[in-house]
Each structure stands twice: as C-alpha cells, then as structure tokens.
Amino acid sequence: MAERIIELRDISKSYGQVYALGGVNLSVDRGEVVGLIGDNGAGKSTLIKILSGVVKPTSGEILVRGKPVTGWSPARSRDAGIETVFQDRALAVQQTIVRNIFMGRELTSWLGWLKVNKEIAEASRLMREIGFTSKVFTPQSIVGQLSGGERQGVAIARAIYKKAELIVLDEPTTALSLTETAKVFHFVRQVRASGRSILFIGHNIHHVFDIADRFVVLDRGKVALTADRSEVKSAEDLINFMEDVAHPSGLPGLHDAGDAGRAAR
Amino acid sequence: MSKTMEPDLQSPLGGTHGETAGKEWRHPSDNWLRGFILDNRAALGTLAVFIVMMAVFMIANPVVFTTWYLYSSVLTTLPVALFVVVPLVFVVTCGEIDLSFPATMGFASWVFALVVQAGYDPFLGIAAAMVTGMLLGFLVGSLVVYGGLSSLIATLGMNFLLRGLIQIINEGRSTALTGLADSWAYKIFSSQLYGIPVQIFWAIGFVVLSALLYNRHRFGAQVKVVGDNPDSAQQMGIDVKRVRVKVFVFVGIGAAIAGTFSVMINFTWWPTAGDGYLLPVLASVFVGGTPTWGGIGTVVGGAIGAVTVSFIQTGVVAAGLSGFYVQFFNGLIIILSLLGHKWNQARYR
C-alpha cells in the first residue's frame, strides 16, 4: 500500500453553536488524486483551512505519514509538504513566471543578489516536470499574458518547488473553459506521475470525476460518500447521489444513491 | 492515462508533441535586441520624449543649446533630484507614495549643517544626515504601515509636520557654511572634474546601483511582488510590512543625500531646503514610465524622467521664451508622456 501522506480522523469544527464540520475522515496516499466534492457551504473551505493549519479543529486527530501530530499549525502543515493553491489572487500577474515561482524564496548569492540564470534554469525544469512547455512563453514571460489554466500551472510549479508532497487545488477549474480545464488536468496528471498527491476540490462533478482516483463527497459538514474510481461507473452515478443527498426521500435518484451510499460504508 | 485527454499545449502555433518534446523554451524575445526593447520600453519611451524635446529646443535656439554652460548648470542641480526620484520609484512600485521627502531633505541637511557648523568634519555631518534620513524614513514608514494610514495623506501630513518643526526651531534663519569649500568632503562630492560637476558621477553611480537593486536583487523582487499582490506575497512568506517600511527608509536615505548635496552646492542651509523638489520629483517618476498602480516600474526611466524635467525649465528660458511658459511646458510634457506610456504598457490583472 502506498504511503499515507496525511490522514484526518474524526475532525469536527464548530463556530459557536454552528457546526461547520462534524466528524470528517479524509486521507490522501502518495501518488493519488483525491476529488473532494461538495456544494457551497458543505464545509470544503473549512476542511482546506484545517489542512493548511490556518484553522484549528475543535476536535479530531491529524496524522502525518501515520504518526499523530500535536500542535497543528501553518508551519507544521508546510513541513508536512502540504501546499494549497487558491483559485485566484495567488499570483502576482505583472511579474514574470520566474518571479512568481521564487516569490519569497529567491535564489540569491552573497548579499542577496539574485542568481538570475539559475532561477531561469530551475523554473524551466519545474515547468517541464509538470508538462508545461510552450513555444510562446518562457520562464521570463509575464504571468498576465498566460491563460487561466496556464496560471494554475505556474501556481502548481511553485508548489512543487516548495517541496510539496500534497498539493491542494481549491476549485482550480471553476472559472475555466474546456481547453483550459484540459491543461490543468494535464498538469495534475504529470504531478501524479511524479509521485506527488493532489487533493482536487471542486463543485463541477464532471471535472472531478474525470481527474480523480478517489472521491469524497462532503455534505453539510459530513462525509456523505467516499468511493474509489472503480466503484463509481459514471459521473451520473455521482450526480444522482448528490441529488439524493440534497433532496432526501421520495425524489428521483433515491435508488442509485442508496447503492452509492452503501458503497461508502 | 488516455492520450486523447492530454491537451496539446503547443497547438497555438501548430507544433506537435513529437517535435517539441524536450526542447528548451523559445520566445520572440530570444532575439536580444527585441528582448531589450520589450523589457525596457517604458524607459526607452521616456528617452524618446526627452530627445524630441531637446531637438525642439535646439532648433529654437541652436546657439545656447550648444554651449557647455547650460549643461553644466543642469548637471549641478539634477543629481539632487535623482537621489530622491530613484527611491520614489521603489515606493510607487510598492503601491505607496511618499510626499514627506522634501521635509526629510530639509531635516537631514539641517543636521548636516549643525554638525559642520559645530566644527566637525563634513564626512561626520554626511553620516549624521544619512542616519537622520533613515530614522525619519523609518518613522514615516512605520506610521503608514503599522499605523495602517493612507500613505498619500500621512506622508503629506509628515511633510508639513517636519517642515513646521524646522521652521519653529530656526525661526526662518538660514545657516551659512563658509568653511565647507576647503574641506575634503566638498572636493569629493561637490567640485568639478574636467569641468563636469562631480555630483553627476555620484548620482549616476546611485542610479546604477539602484537599478541593480531593483532588477537583480531580492529587495527589488520583493518590492515588486508586494506592490503587485500583497496577499500572495504574504502567503508566500514575505514580510509585507517590513518590505513597505524598507522602501520608506530608502527614500529617507536618498533624501538625506539629496539635501546634503544641495547644501554643499550653495554653502548655505535654508529652512526651506528641499521644498521646491516635491512636484518636479513626483513628475519625474511618472514621466519616467512608472505607473501609479504598483507592481512595476523603471529606475532608469525615472532617471531619464528627472533629466527631462530638469531640462524643461532651463530649456524654455534658454530657447528665448519667457519664464511664463515653464509651467505650460511642464504640464505638456507630463501629459504627453502619460499618454505615451498608456499606449506603451498594458496593465495585467
């Protein structure tokens, strides 16, 4: 069995009287793409914030490579190799690809002078590693000239440079066209091929179904379903299940959802 | 993994995977001349404005514009402006503005004058002025950054406050520094070398060092990122507030040098020292091609902008027009430059 990068056990989070998460289990193994699906308000963003250490869970346990961790924090999360790529506002769009990849971690020599050529070579290598090659752009191109999918590529390359083992992509394809989505998928597959893991978060079930090895459906702070790719026949299965979760009892899709629900348990 | 799912990232130019696999990046700017022009188009645009302006002046009055005296006088006063224009490019790139530098010039040069008047070596005075400039820059920067104030208003307030302080204490009296002419500091910083004012060499050195700081140093890289996207910079572990304070400290140092140089030119410190520089210096930064929105800018362009602005006044008068035309031409150059830069640089979002 592949190494377990991170495991969240029975994580709960409440803000005062309001439960955002109630006993969520989530794990990611090395080299797998986990799709996390949920509607707005399902608790996705709270879960991401807990993963990245920004928000402390009310109760529950976090295990890094099988070992329980105490004092979970943003620094601990980074040390564990978890990098979150947010959908927008993650890049400085007037700067070059190089400057974005090395933002805050510039390669410098004596007295802080930049090692420009080394940075370009390293950026080139990182971009090739995730399959981002182009005749049109170089590492010295301005990020603002790139399309949405390519910008995701820059953010992913930056995460890899930061030695990320698990890259959390927060709604990476939500605002993108089909061709741009395909580019992001291409990067994600390259990252998986390099032995790293991805937690792919989205509410477009078709997107998540196309890319993920395993699905976790979150609903109102609880995991409604976890299923391997082999257990779900088509995206429609997932959609039916989601509809059932949203409209329980007596509505179409109940039967299918029942099957999927059993698979979850 | 199915092959059909893979996007063809090369398709925009009609290439195929087989051809491009493993190849290095290629780019139109790999032609060094085109790349140089693309990377420096703001500075080059400013240079073009300057050349056109000088051509007009020369046609208007060929005699005056071929005599050295005109250039010598500009080269004496221009360095004072350069020492503040260049740090201001950093401030504007960082998404802030500093209007307090005239008072910092006055305050730091006042400290210089006091030290020299007390009989100490002018080098000690220069050091004291620079420390004063740093402290004032730190004070202004901390007020803006940690106080969470608008830099436009807060630095304007600090400019009045510091200038007021100088005026209150000195009651309008100036300080004459007649002994300065014999000192080593004067020979090194304010004499002439083969008829060329030596200040310009120091100013050029300052511009070159600052351009390297801006383009080839971690400081410049972080200033640009903070001005471009502070949230992202913060998330990537850059101490955004510290970077912001640093640019104000840089202006403080530049203003101290500028103030000291202006005192050394005149052998006199006036309580109004630095006051006249506010608007020309600001105009130079923007004429130079640094946009107002932060994230990008050009140090060399700012320097060329300062040269342009310095020559407007001299040029208008020397071209035989009355002094009443100076402001009109100042405005004309600013507006034309801004229009040129707008056409020249896209704003990416």
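The values are calculated or read from the model by the stated rules, or taken from the named source; none is laboratory data. Note that this is a predicted model, so its numbers are computed, not measured. A quick note on method: Cβ atoms are made from the backbone with ideal geometry, for glycine too, and the neighbour counts reach across all protein chains shown. For the accessible areas, the whole protein counts, side chains as well, though only heavy atoms, and no ligand, DNA or RNA atoms are used. Shrake-Rupley method; radii C 1.70, N 1.55, O 1.52, S 1.80 Å.
Would you confirm whether any residue within the stretch B:76-95 is assigned to a loop (DSSP other than H, G, I, E, B) and open to solvent by 30 Å² or more (accessible area, probe 1.4 Å)?
Within the stretch B:76-95 (the criterion being assigned to a loop (DSSP other than H, G, I, E, B) and open to solvent by 30 Å² or more (accessible area, probe 1.4 Å)), the answer is yes, since at least one residue qualifies.
Of all residues in the stretch B:246-281, which are over 21 Å from the mean Cα position of the chain (by Cα) and open to solvent by less than 10 Å² (accessible area, probe 1.4 Å)?
Residues satisfying the conditions are B:W269, B:P271.
Within the stretch A:208-229, which residues are under 26 Å from A:R128 (Cβ atoms) and touching a helix residue (DSSP H, G or I) at 6+ places or on another chain (Cβ under 6 Å)?
Within the stretch A:208-229, A:I211, A:D213 qualify.
Step by step: first the residues of the stretch A:227-245, then only those that are open to solvent by less than 50 Å² (accessible area, probe 1.4 Å) and outside any helix (DSSP H, G or I), then the one that is farthest from A:K13 (Cα to Cα). Which residue is that?
Only one residue tops the list, namely A:S234.
Within the stretch B:311-349, work out how many residues are more than 21 Å from the chain's Cα centre (by Cα), in a loop (DSSP other than H, G, I, E, B) and farther than 23 Å from B:L75 by Cβ.
Counting residues in the stretch B:311-349 that are more than 21 Å from the chain's Cα centre (by Cα), in a loop (DSSP other than H, G, I, E, B) and farther than 23 Å from B:L75 by Cβ gives 6.
Are any residues in the stretch B:158-172 open to solvent by 40 Å² or more (accessible area, probe 1.4 Å), in contact (Cβ under 8 Å) with a residue 12 or more places away in the chain and closer than 22 Å to B:G133 by Cβ, and if so, which ones?
Listed by number, the residues that qualify are B:F160, B:L161, B:L165, B:Q167.
Would you check which residues across the stretch B:191-233 are touching a Cys at 6+ places or on another chain (Cβ under 9 Å) and among the aliphatic types (A, V, I, L, M) and list them?
B:V223, B:V226 - these are the residues of the stretch B:191-233 that are touching a Cys at 6+ places or on another chain (Cβ under 9 Å) and among the aliphatic types (A, V, I, L, M).
Can you list the helices (runs of 4 or more DSSP H) lying wholly within the stretch B:98-210 that have 3 or more residues being within 21 Å of the chain's Cα centre (by Cα)?
B:101-117, B:122-145, B:151-170
Restricting attention to the stretch A:141-191, report how many residues are more than 12 Å from chain B (Cβ to nearest Cβ) and assigned to a loop (DSSP other than H, G, I, E, B).
Counting residues in the stretch A:141-191 that are more than 12 Å from chain B (Cβ to nearest Cβ) and assigned to a loop (DSSP other than H, G, I, E, B) gives 8.
I'm checking my understanding of the structure. Among residues of the stretch B:300-349 that are open to solvent by 80 Å² or more (accessible area, probe 1.4 Å) and within 14 Å of another protein chain (Cβ to nearest Cβ), which one is nearest to B:V64 (Cα to Cα)?
Only one residue tops the list, namely B:R347.
Which number in (1) touching a residue at least 12 places away in the same chain (Cβ under 8 Å); (2) at the interface with chain A (Cβ under 7 Å from one of its Cβ atoms) marks the one condition that B:R218 misses?
(1)
I'm trying to understand the selection: among the residues of the stretch A:70-87, which are more than 10 Å from chain B (Cβ to nearest Cβ), outside any strand (DSSP E or B) and touching a residue at least 40 places away in the same chain (Cβ under 8 Å)?
If the condition is that a residue be more than 10 Å from chain B (Cβ to nearest Cβ), outside any strand (DSSP E or B) and touching a residue at least 40 places away in the same chain (Cβ under 8 Å), then A:A80, A:G81, A:Q87 are the ones that fit.
Any residue at all in the stretch B:254-270 that's among the β-branched types (V, I, T), in contact with a strand residue (DSSP E or B) (Cβ under 7 Å, 6 or more places away or on another chain) and away from every other protein chain (no Cβ under 14 Å)?
Yes: the stretch B:254-270 contains one or more residues that are among the β-branched types (V, I, T), in contact with a strand residue (DSSP E or B) (Cβ under 7 Å, 6 or more places away or on another chain) and away from every other protein chain (no Cβ under 14 Å).
If we scan the stretch A:117-127, do we find a residue that is modelled with pLDDT under 90 and not acidic (D, E)?
no
Failed condition for B:E19, given (1) within 14 Å of chain A (Cβ to nearest Cβ); (2) at pLDDT 80 or above, with all others met?
Of (1) within 14 Å of chain A (Cβ to nearest Cβ); (2) at pLDDT 80 or above, only one is false for B:E19: (2).
Among the residues of the stretch B:215-261, which ones are acidic (D, E) and assigned to a loop (DSSP other than H, G, I, E, B)?
B:D239
If a residue must be surrounded by fewer than 19 Cβ atoms within 10 Å (Cβ to Cβ) and out of contact with any strand residue (DSSP E or B) (no Cβ under 8 Å at 6 or more places or on another chain), how many such residues does the stretch B:175-184 contain?
The total comes to 6.
Which residue, of A:V69, A:V54, A:V98, A:V85, is open to solvent by less than 20 Å² (accessible area, probe 1.4 Å) and at pLDDT below 90?
A:V85
If I ask for residues that are of a type in the set (K, R) and surrounded by fewer than 20 Cβ atoms within 10 Å (Cβ to Cβ), which ones from the stretch B:227-245 would you list?
Passing the criteria: B:K241, B:R242.
Can you report the number of residues in the stretch A:114-123 which are open to solvent by 40 Å² or more (accessible area, probe 1.4 Å) and either part of a loop (DSSP other than H, G, I, E, B) or at the interface with another protein chain (Cβ under 7 Å from one of its Cβ atoms) (or both)?
1
Output yes when any residue across the stretch A:198-207 is within 14 Å of chain B (Cβ to nearest Cβ), assigned to a strand (DSSP E or B) and open to solvent by 10 Å² or more (accessible area, probe 1.4 Å), and no when none is.
Looking through the stretch A:198-207, none of the residues is within 14 Å of chain B (Cβ to nearest Cβ), assigned to a strand (DSSP E or B) and open to solvent by 10 Å² or more (accessible area, probe 1.4 Å).
Sort out which residues of the stretch A:124-138 are more than 7 Å from chain B (Cβ to nearest Cβ) and either of a type in the set (D, E, K, R) or touching a strand residue (DSSP E or B) at 6+ places or on another chain (Cβ under 9 Å) (or both), and write them in order of number.
Passing the criteria: A:R125, A:R128, A:E129.
Out of (1) within 10 Å of another protein chain (Cβ to nearest Cβ); (2) crowded, with 20+ Cβ neighbours inside 10 Å; (3) among the aliphatic types (A, V, I, L, M); (4) outside any loop (DSSP other than H, G, I, E, B), what's the single condition that is false for A:L111?
The number of the failed condition is (2).
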